[in-house]
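The values are calculated or read from the model by the stated rules, or taken from the named source; none is laboratory data. Nothing here was measured: the structure is a model prediction, and the numbers come from that model. A quick note on method: Cβ atoms are made from the backbone with ideal geometry, for glycine too, and the neighbour counts reach across all protein chains shown. The protein model used for the area step is the full one, side chains on, heavy atoms only, and it has no ligands, DNA or RNA in it. Shrake-Rupley method; radii C 1.70, N 1.55, O 1.52, S 1.80 Å.
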Amino acid sequence: MKDTPLSNCERDFLLKAIEEKKRLDGRQTYDYRKIKISFGTDYGCCFVDLGQTRVMAQVSCELVAPKENRPNEGIMFFNIELSPMASPGFEQGRQSELSVKLNRQLERCLRNSKCIDTESLCVVSGEKVWQIRVDVHTLNNDGNLMDAASIAAITALCHFRRPDVSTQGQEVTVYSPEERDPIPLSIYHMPISVSFAFFQQGTYLLVDPCEREERVMDGLLVIAMNKHREICSIQSSGGIMLLKEQVMRCSKIAGVKVSEITELISEALLNDRKARKAGGKCGFAESMPQDRITALKKDETPVEMTDVTETANGIIQKGEAAPQTVPSPVVPVPGVGQVGQGLQNSWGLEEDDEDDYEEEKNDNSGDEQVEEVTKMDVGEGDVVEISDSEEEDVVILNPEVPEKPKTTGSKSHQKGAAASKKRQKK
């Protein structure tokens, strides 16, 4: 997977800002990003944060046979791994051009500068020597991986302790840290690389370029130097022509930056040594509460908390008082009822409901009259059937002897039939 290329607008914006001596993160032309150095639980494990760029270096050792042409010297091996976790442009299990370039620069900076006494790594001449392996892992890439890798590698080498050994004839005994204290490496000086980015064919110069600035730069100059102002290695890439004055100017700037970084490394090593000697938390246990394990962490923002109570009370006093609760108004709408203190306790009825209510009253009065008539007219031997259903009330009279119909009875029957029809309609 390749990185998303910069658009023309982004490229023009970056170049225009560099011409005006401005940078995206607010730094000046010769400013480094914030450097933070921390150590792991074991000796030889170092984390370096250069802004958002995060690198881890781990040093290990083993006894191997020496090289034939140098039987009395130990072996130094460097490896840089570009993980896809650091950037989507890095592929796992495949060495890219960038990884090969970084490996060669790191070897020139540390191995060819003779910063470590390799003869002290010899155990038995021609048979057993120590091989020191430095593995650098990129955890996040935000530009200038070379500087971060060189700082992490030399700091891890200074922090590393190899086991103590003893020889009796051809027999070599390696002691554990519990039996004998480990021995630090013999380091003569600390070479540190400083990167310079050139723009507009060498017209503009920046120190410690970030990832976006690296995309638009025309050339890169890497100078490895120690605090004694001794140049250990120098490499130019990009195909630009630099003048002698430009190279001398960069070397002077590199001397100042290297001395500052060397003091920072010495202070970090001293603090770790004191913490381990005092038995306090160090390494992984000390980094957990400070959130230094994550690659993309954010610094805490200071908040002033002294006059919070006074400010809150002032806001409350200036604020408006809450409005008093007012009872809801009576809504004189038919079909709406309200129950409560100070409100109407009645239910409105529509006109149609009132008419139905009057009709029901009239029907009930007619039923009472029919019952009275049936009680009075029915004699002995009459068969009376009264239905108990709620839907309709039907009264059937079957007299044996026909009699003359009475006017009152016919009227009552008519009223009863009318009442039953109305109930059926309902």
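Some values worked out for this structure:
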read-out	value
Tally of residues being of a type outside the set (D, E, K, R), surrounded by 11 or more Cβ atoms within 10 Å (Cβ to Cβ) and in a loop (DSSP other than H, G, I, E, B) across the stretch 164-196	9
Selected residue (criterion: surrounded by the most Cβ atoms within 10 Å (Cβ to Cβ)) from residues of the stretch 107-163 that are acidic (Asp, Glu) and closer than 25 Å to LYS34 by Cα	ASP147
Boolean, SER87 is of a type in the set (Ser, Thr, Tyr) and surrounded by 15 or more Cβ atoms within 10 Å (Cβ to Cβ)	yes
Scope the stretch 261-278; condition open to solvent by 50 Å² or more (accessible area, probe 1.4 Å) and free of Cβ contacts under 8 Å to residues at least 60 places away in the same chain; matching residues	GLU263, SER266, GLU267, LEU270, ASN271, ARG273, LYS274, ARG276, LYS277, ALA278
Hits in the stretch 90-106 (condition: open to solvent by 30 Å² or more (accessible area, probe 1.4 Å) and not hydrophobic (A, V, I, L, M, F, W, C))	GLU91, GLN92, GLY93, ARG94, GLN95, SER96, GLU97, LYS101, ARG104
Positions within the stretch 1-56 being in a loop (DSSP other than H, G, I, E, B), basic (Lys, Arg), open to solvent by 40 Å² or more (accessible area, probe 1.4 Å) and closer than 26 Å to THR138 by Cβ, in sequence order	LYS2, LYS34
Flag if GLN131 is part of a strand (DSSP E or B), in contact with an Asp or Glu (Cβ under 8 Å, 6 or more places away or on another chain) and more than 27 Å from VAL258 (Cβ to Cβ)	yes
Total residues in the stretch 72-84, condition in a strand (DSSP E or B), open to solvent by less than 70 Å² (accessible area, probe 1.4 Å) and either within 16 Å of GLY143 (Cα to Cα) or not hydrophobic (A, V, I, L, M, F, W, C) (or both)	3
Test: residue in the stretch 55-67 that is of a type outside the set (D, E, K, R) and farther than 30 Å from GLU127 by Cβ	yes
Options ASN69, ASN112, ASN103: the member that is under 19 Å from SER237 (Cβ atoms) and assigned to a loop (DSSP other than H, G, I, E, B)	ASN112
Criterion (touching a residue at least 24 places away in the same chain (Cβ under 8 Å) and under 30 Å from TYR188 (Cα atoms)) met by exactly one of GLU230, GLU213	GLU230
Single condition VAL59 does not satisfy, out of (1) among the β-branched types (Val, Ile, Thr); (2) in contact with a helix residue (DSSP H, G or I) (Cβ under 6 Å, 6 or more places away or on another chain); (3) over 30 Å from ILE116 (Cα atoms)	(3)
Odd one out for THR138, checked against (1) under 30 Å from ARG276 (Cα atoms); (2) part of a helix (DSSP H, G or I)	(2)
Enumeration of residues in the stretch 182-235 that are of a type in the set (A, V, I, L, M, F, W, C) and over 25 Å from ILE265 (Cβ atoms)	PHE198, PHE199, LEU205, VAL216, MET217
